[in-house]
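Taking it in order: structure first as structure tokens, then the write-up.
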Amino acid sequence: MKTKAEMSENTDFELVKKFLEGDESSFNRIINKYQQKIYWHARRMTGTHMDADEVVQEVLIVMYKKLKDFQFKSSLYTWIYKITSTRSINFLNKKKIKRFMSFEDASSSETSSKEDIIGDIDTRNKIKKLDELLQMLPAKQREIFILRNVDGLSYEEISKITGKSVGGLKANYFHAFNKISEKMKNEFPE
Amino acid sequence: MNSQNEKILRYIDGEMSEKERFLFEEELRISPDLQKQLNTFQSVNKVFNIYSEPAADEYYFRNMVSGFRAKLPGKLKRFPLQSVAFGTVSIVIACMFLFLLLNKSDNIEKIAENLNEHQLTELINTYSSDKTVSEVVASEIASDASAENVVDTLYSKELLVAPEAVSYYFADRRSDLTSVISDINQEEADNIYNEMINKKYY
């Protein structure tokens, strides 16, 4: 009896195979399956909807171009997360440089953060605070925290995505946890 | 990471065996500090739960595929480096070609510009006589002037006047002087002489 994960992998394998044989609708189905995970991971990394949207577009294009090189050495899910993490970090680095070169300050990006896909205002405000907490962490530490705490991935899966050792990941995760919990005492008092 | 913090994380992440969990919970009962630390970690988890996949506008996700398809290669390209590079090189080559084409002129002044003062004076003195080009060259040869230098001078003058004549003359410096001179007619020689005069005196 196959597990849910194994069944999903078989489906992913079939979708990828069909896409590589020329069936474009298979790629659409892959997007539909993973679009929420891609978007929310990008959103947590970048902090705003507009930036997340830009990263998502880049990720989809990379997937479209590079799926032919994917050899199922990891799950498709892990591969997609790796692309999303990498594009997000690259995006953040580019944004930092642009900001430095044009002498903008962080508040100039606030206009872009007004657009959001979260309808409920209460949820939106809470998530905004969480975004601010996450943005406080260095990008790589943020990535580990998000993958572990929010996405619920195992250390082994995170290790495949980030290329870091499990021991290093645990240490990083703990440091991130500490920083966030300290800050949270002010933002989310019990 | 110290062992206590690692235990807390393992406990929160549900990675402890039954026995480990039992021992840890016993430890929690007797250690208020450990309990406080655990509460802090658990509150972080609780808060971030809402960020798992919050309710959002489904319209955005429904249109993700069509939005992506609209931007696929053909319409969305990164900076087309190859095309720009090819275009730039083509433009540069075209400009160089145009430049060479436009600069090919019958401007005889250029012949005189390449001569220094001493050469100019010498040549004017030589050509101010009524001798023909052939006679002048012959006398140059006779008067110990190196035949090669004369040929070079005549080559450069002729080629400056008419670059298309490059293929017409031998590139080899040992070419027969007489055959070279016979290709420069009197009118061309006169023009060269006039330009030298202009350069020297005007």
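Miscellaneous remarks
- Scanning region B:1-26 for residues that are exposed (fewer than 14 other Cβ atoms within 10 Å of the Cβ), part of a helix (DSSP H, G or I) and away from chain A (no Cβ under 14 Å) turns up B:Glu18, B:Lys19, B:Glu20, B:Phe22, B:Leu23, B:Glu25, B:Glu26.
- Residues of region B:173-202 satisfying the condition of being farther than 19 Å from B:Glu117 by Cα, at pLDDT below 75 and crowded, with 16+ Cβ neighbours inside 10 Å: B:Leu177, B:Val180, B:Ile181, B:Ile184
- Filter result (among the acidic types (Asp, Glu) and part of a helix (DSSP H, G or I)) within region B:48-63: B:Glu58
- Filter result for A:Glu58 (at pLDDT 90 or above, acidic (Asp, Glu) and surrounded by 15 or more Cβ atoms within 10 Å (Cβ to Cβ)): yes
- Test: B:Pro73 is at pLDDT below 85, under 23 Å from the mean Cα position of the chain (by Cα) and exposed (fewer than 11 other Cβ atoms within 10 Å of the Cβ): no
- Region A:31-51, subset within 10 Å of another protein chain (Cβ to nearest Cβ) and buried (at least 18 other Cβ atoms within 10 Å of the Cβ), residue farthest from B:Arg62 (Cα to Cα): A:Arg44
- Sole residue being over 40 Å from the mean Cα position of the chain (by Cα), away from chain A (no Cβ under 14 Å) and modelled with pLDDT under 75, chosen from B:Ser83, B:Ser134: B:Ser134
- Of all residues in region A:122-137, those that are over 12 Å from B:Pro54 (Cβ atoms) and either away from every other protein chain (no Cβ under 11 Å) or over 15 Å from the mean Cα position of the chain (by Cα) (or both) total 6.
- Matching residues, region A:97-124, being in a loop (DSSP other than H, G, I, E, B) and either surrounded by 10 or more Cβ atoms within 10 Å (Cβ to Cβ) or at pLDDT below 55 (or both): A:Glu104, A:Asp105, A:Glu115, A:Asp116, A:Ile117, A:Ile118, A:Gly119, A:Asp120
- Among the residues of region B:27-44, those identified as exposed (fewer than 14 other Cβ atoms within 10 Å of the Cβ) and either of a type in the set (Gly, Ala, Ser) or facing chain A (nearest Cβ under 9 Å) (or both) are B:Ser31, B:Asn39.
- Test: residue in region A:159-177 that is part of a helix (DSSP H, G or I), touching a Leu at 6+ places or on another chain (Cβ under 6 Å), touching a residue at least 24 places away in the same chain (Cβ under 8 Å) and at the interface with chain B (Cβ under 10 Å from one of its Cβ atoms): yes
- For region A:12-30, a tally of residues being among the polar types (S, T, N, Q) and facing another protein chain (nearest Cβ under 9 Å) returns 1.
The values are calculated or read from the model by the stated rules, or taken from the named source; none is laboratory data. Just so you know, these numbers come straight off a predicted model, no measurement behind them. Ideal geometry is used to build each Cβ from the backbone, glycine not excepted, and the neighbour counts take in all protein chains shown.
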